[in-house]
2 protein chains.
Amino acid sequence: MQINAVDFFYAAMPVVTLDADGSQDALLVRVRSADGFEGWGECEASPLVSIAAFVTPRSHGVCQPVSASVIGETVESAADITRLSENMRRNSMDLLQAAHTWSGVEMALWDLLGKRLELPVWQLLGYQHNVSKTPYASLLFGATPEETYQRGREAVESGYSAVKFGWGGFGSGTLDADRAQLQAAREGIRSAQLMVDAGQIWGEDVEAAAARIPLLEEVTALWLEEPFSPYAYLAHAELARRSPQVALAGGEASHNPEMAKNLIRFGGIKYVQIDTGRVGGIGASKDIADFAAGEGVIYVNHSFTSHLALSASLHSFAGHESSVLCEFPAALSPLAKAVTVDPLLRDREGKVGAPNAAGLGVEVNLDGVSEYLREVEIRVDGSVLTAAPALLGRGE
Amino acid sequence: MQINAVDFFYAAMPVVTLDADGSQDALLVRVRSADGFEGWGECEASPLVSIAAFVTPRSHGVCQPVSASVIGETVESAADITRLSENMRRNSMDLLQAAHTWSGVEMALWDLLGKRLELPVWQLLGYQHNVSKTPYASLLFGATPEETYQRGREAVESGYSAVKFGWGGFGSGTLDADRAQLQAAREGIRSAQLMVDAGQIWGEDVEAAAARIPLLEEVTALWLEEPFSPYAYLAHAELARRSPQVALAGGEASHNPEMAKNLIRFGGIKYVQIDTGRVGGIGASKDIADFAAGEGVIYVNHSFTSHLALSASLHSFAGHESSVLCEFPAALSPLAKAVTVDPLLRDREGKVGAPNAAGLGVEVNLDGVSEYLREVEIRVDGSVLTAAPALLGRGE
């Protein structure tokens, strides 16, 4: 199949707040082949900038737009997608945003190939089994402990056996305030598994993080996520040494496989969390999942957007039995819910797996997101950059 | 001073080729204060994408446009610039391109502050001395060894005592082809110091790189630059172990200080090369220079664009006496030459130093680049994103 069109759809809630809720906007990518197949993907973070990275004029030989590595190329097999990813990394070496743009394009290529070959992506990736995961509800701390308690209680009452809380003011105020939030979370979710996400709040400050470890032990937290900058390997390693019970988790900021592998090698994390919409797509995610398994580190998806992105994440590590958990965004914006015709559902055992239908196995609902679409027009010297014709709206 | 305007000027050569010549386009940044001062900076790589990162609508609390961290802020001291940089890294955590955009803005803030306080930036940074450096001519390998020889000969005849060659086909063909290029370079530059830049050509392939070490020893190369991906620490460390004579250099891809420090810590490089226009600006560069000095690693600037960017680079490590070399782009495009009224010149000893005039000490020649300016217009839902009014051309 020759790839002859890549179209972007930027959707956003009418009001985008300063909350850490990543589902307030979305960048959907549709890839079409000359013989009439189409695939869909989703880029995480800053839609306008990711679109610009696709259409920008080139700066030099290794600072080319992402479009240069996909339009007109041929995809017949998984190896072709890997080849295009490698070309993109070389051609767009100096274009920092390229990895985020490519992530959505690459997902769409897998979806396209799966539909063409009538196989689910997890099989295209070479996995022998599709192992369902226990979803954990991913929630933000409430403004008050009471609100946190309430959110936790609702999560377990709707059937979750694992819940993660994060962000809010956690880690930036007093230890007492953090303890109150953690205790409220524990009480709200009762005996469910509890994880805590610090959102890089301590930078590289090991002491600030270490002061919270006893509080996390009190509530038997499974992991502490992103205590530091994703490059602060020594801080991670030192905290890991000082936290024998509460494991460290991280990796969502990785924009290539090596970043995640280095956090494992040098940072001592025990759970590596990958956002398929940032890291370079499904192939990059699987590369990390395979590496992590070899290191005895557990791969978990990072997903806080639509179920299109969630499906891509689940395919990426579907075959790894040691990965028993998956992040499940439990409080999506109306926009993120509208992206797919049907959501991924928990099965009778309460687990979630990658769909077994062809491609990513989810149907995008373009009508559903139409009310959220934002028209983007980028002109240089008066010319509309039309490498992605759908920039101007619905793309038809 | 309150910062009340940040304007971008995107300039490009009429034809941008696939050569590795980073001077084919430029993104200049002008920052103005409410009390009438102005400062200038330059972002490296992909002007359109970096502009988009300044004006994009926010995605959520830690994916805000770069503009959110500077417009309306107050700058009275060096500490204020550091504070704004820290705010930007938090506010734009999930906006990958933000570091490149910020680099130019941050440079301009130092220039502005220096002009206001009537001090050169190197003094604002706390350096006691401004130590001039021996410039090395930074050249691309020719298409043939003869062409490489000629370029090298011209460089030494025009007074350079150190020359770096890179890119072209180096490293991707046969060993004999590489040897011929290296021998031609050595013959062309006679007894001058020789450095070689591989431009990440070997990915993570240690054997491919190691096969070239004897060839580099034959021509007594000082360093081998960027043999691998900037995240391939283990490959760097292994090659460093196998190359006792030819040092490894790298770091230009760093988009934050931690990336560069990790390449030093874990990769075994002996020269760390920082592009002030990518890494987050002058403050980030100095942070790395100070760290490198403590580790016995030599800091060198990476500069392949205008003398505005070169000046910012030189201020960043002006006070470090162990850094005796500086990269000096010796074959700039007409556009890059046009950016400043006067170029930085070698002194009577053949050295180059940071200017001692106020701020960055170079004057931007907006008239000179006017013929190269590209008009950029970015609209979302029909509204022009005018946070940077000069996007529409000359900015007046």
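The values are calculated or read from the model by the stated rules, or taken from the named source; none is laboratory data. Because the structure is a prediction, the values reported are computed rather than measured. When we count neighbours, we look across all protein chains shown, and the Cβ atoms used for this are built from the backbone with ideal geometry, even at glycine. Just the protein is used for accessible areas: all its heavy atoms, side chains included, with ligands, DNA and RNA removed. Shrake-Rupley method; radii C 1.70, N 1.55, O 1.52, S 1.80 Å.
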*For region A:33-44, Karplus couplings with θ = phi - 60° (6.51, -1.76, 1.60), whole Hz, Gly/Pro x*: 9, 4, 9, x, 8, 9, x, 10, x, 9, 8, 8
*asked:* Roughly how far apart, in whole Å, are the Cα centres of region A:327-354 and region B:173-204?
replied: 55
*Gaussian network model of chain A, Cα springs within a sub-10 Å range: biggest mean-square fluctuation belongs to which of A:Gly169, A:Gly281, A:Gly104?*
A:Gly169
*Let me know the shape class of region A:155-253, please: from the alpha-carbon gyration tensor, a ≥ b ≥ c as square roots of the eigenvalues, rounded when a/c is under 1.5, otherwise prolate if a/b is greater than b/c, or oblate.*
prolate
_Extended-chain gain in nm, criterion 0.36 nm per residue less alpha-carbon gap, A:Asp381 and A:Ser172_ = 70.6 nm
_Among DSSP bridges having both ends in chain A, what percentage is antiparallel? Round to the nearest 5._
45
_Taking 8 Å as the Cα distance limit and 6 or more residues as the minimum spacing, I'd like the relative contact order of region B:122-207 as a percentage._
32
*Considering the zone a paramagnetic label at B:Ala211 would reach in this model (a point 7 Å from Cα along the Cα-to-Cβ line), which residues of region B:184-200 have amide N under 18 Å from it?*
B:198-200
*How would you classify region A:1-153 from its alpha-carbon gyration tensor, with a ≥ b ≥ c the square roots of the eigenvalues: rounded for a/c under 1.5, else prolate if a/b is greater than b/c, otherwise oblate?*
oblate
*Interchain or long-range residues, amide H under 5 Å from A:Gln273's placed H*: A:Gly250, A:Gly251, A:Glu252, A:Val300
_Less than 21 Å apart at the alpha-carbon level, and either on another chain or at least 8 residues along: which lysines does that give for B:Lys270?_
B:Lys133, B:Lys164, B:Lys261, B:Lys286
*Residue farthest toward the positive end of the dipole of chain A, with Cβ of Lys/Arg at +1 and Asp/Glu at -1: which of A:Ser67, A:Ala20, A:Ala247?*
A:Ala247
_Could you compute the net charge surrounding B:Val55? Neighbours are other residues with a C-beta less than 12 Å from the C-beta of B:Val55; K and R count +1, D and E count -1._
0
*Starting from the residue with the highest accessible area, list A:Leu239, B:Leu385 in decreasing order, probe 1.4 Å.*
B:Leu385, A:Leu239
*Just how much of A:Asp19 is accessible, in Å², when a 1.4 Å probe is used and the result is rounded to the nearest 10?*
90
_If the reach is capped at under 17 angstrom between alpha carbons, list the aspartates and glutamates near B:Lys351, excluding any in the same chain fewer than eight residues apart._
B:Glu157, B:Glu321, B:Glu327, B:Asp342
_chain A: relative contact order as a whole-number percent, Cα under 8 Å and 6+ apart_ = 20
*Taking the Cα atoms only, what angle lies between the long axis of helix B:307-316 and the longest principal axis of chain B, rounded to 10 degrees?*
80
*Under the classification rounded if a/c is under 1.5, otherwise prolate if a/b is larger than b/c and oblate if not, where does region B:80-207 fall, given a ≥ b ≥ c as square roots of the Cα gyration tensor eigenvalues?*
oblate
*asked:* As a test of the formula, what do you get for chain A when each DSSP H run with n ≥ 4 contributes -39,500 (n - 2.57) and the sum is divided by the residue count, at 222 nm and rounded to the nearest 500 deg cm²/dmol?
replied: -10500 deg cm²/dmol
_Given R₀ = 51 Å, what would the calculated FRET efficiency be for A:Ser161 paired with A:Asp367, taking r from the Cβ atoms and rounding to 0.05?_
0.90
*Beta bridges per DSSP with both ends in the protein assembly as shown, % antiparallel, nearest 5*: 50
*Go ahead and run the numbers for FRET between B:Glu147 and A:Asp80, Cβ-Cβ distance against an R0 of 30 Å, rounding to 0.05.*
0.25
_Nothing charged except the Cβ atoms of Lys and Arg (+1) and of Asp and Glu (-1): what's the magnitude of the dipole of the protein assembly as shown about its Cα centre? Round to the nearest 20 debye._
780
_Compactness of the protein assembly as shown as Cα Rg over 2.2 N^0.38 Å, two decimals_ = 0.93
*Taking the radius of gyration and the Kirkwood hydrodynamic radius from Cα positions alone, what is the Rg/Rh ratio for region B:285-362, to two decimal places?*
0.97
*Percentage relative contact order, region B:18-113, counting C-alpha pairs under 8 Å, at least six apart*: 39
*For region A:48-73, state which residues have at least 50 Å² less accessible area in the presence of all protein chains than in their chain by itself, taking the probe as 1.4 Å and leaving out ligands, DNA and RNA.*
A:Leu48, A:Val49, A:Arg58, A:Ser59, A:His60
*Which of A:Val105, A:Leu175, A:Ala292 sits farthest toward the positive end of the charge dipole of chain A, with +1 on the Cβ of Lys and Arg and -1 on the Cβ of Asp and Glu?*
A:Ala292
*Rank A:Glu349, A:Glu225, A:Glu375 by mean-square fluctuation in a GNM of chain A with C-alpha springs under 10 angstrom and give only the top-ranked residue.*
A:Glu349
_Using Cα springs under 10 Å in a Gaussian network model of chain B, which residue among B:Ser191, B:Ser254, B:Ser311 shows the largest mean-square fluctuation?_
B:Ser191
*Give me the distance in nm between label points sitting 7 Å out from Cα along the Cα-to-Cβ direction at A:Asp290 and B:Asn130, one decimal.*
5.4
*Leaving out ligands, DNA and RNA, calculate the buried accessible area for the pair A and B with a 1.4 Å probe, summed over both sides, in Å² to the nearest 100.*
5100
*What is the set of long-range amide H partners of B:Leu325 at a cut-off below 5 Å, with H atoms built 1.01 Å from backbone N?*
B:Thr134
*In debye, nearest 20, what is the charge dipole magnitude of region B:98-197 about its Cα centre with +1 on Lys and Arg Cβ and -1 on Asp and Glu Cβ, if you could check?*
260
*Calculate the length of the line joining the C-alpha centroid of region B:39-117 to that of region B:218-236, in whole Å.*
31
*Ignoring ligands, DNA and RNA, what accessible area per residue does chain B give at 1.4 Å, in Å²?*
33
*asked:* If I model a spin label at B:Val341 and B:Arg90 as a point 7 Å from the Cα along the Cα→Cβ vector, what separation in nanometres do I get?
replied: 4.0
_Lys, Arg +1 and Asp, Glu -1 on Cβ, resulting dipole of region A:1-72 about Cα centre, debye, nearest 20_ = 360
*What are the ³J(HN,Hα) values, in whole Hz, obtained from phi via the Karplus relation 6.51 cos²θ - 1.76 cosθ + 1.60 with θ = phi - 60°, for each residue of region A:6-14 in sequence order, with x given for Gly and Pro?*
10, 10, 10, 10, 9, 10, 8, 5, x
*What is the average number of partner chain Cβ atoms found within 10 Å of a Cβ in B:84-97?*
4
_Amide H partners (placed H, <5 Å) of A:Arg374, local residues excluded_ = A:Tyr10, A:Ala11, A:Ala12
*Calculate what fraction, in whole %, of the accessible area of the protein assembly as shown sits on carbon and sulfur atoms when a 1.4 Å probe is rolled over the protein chains.*
48
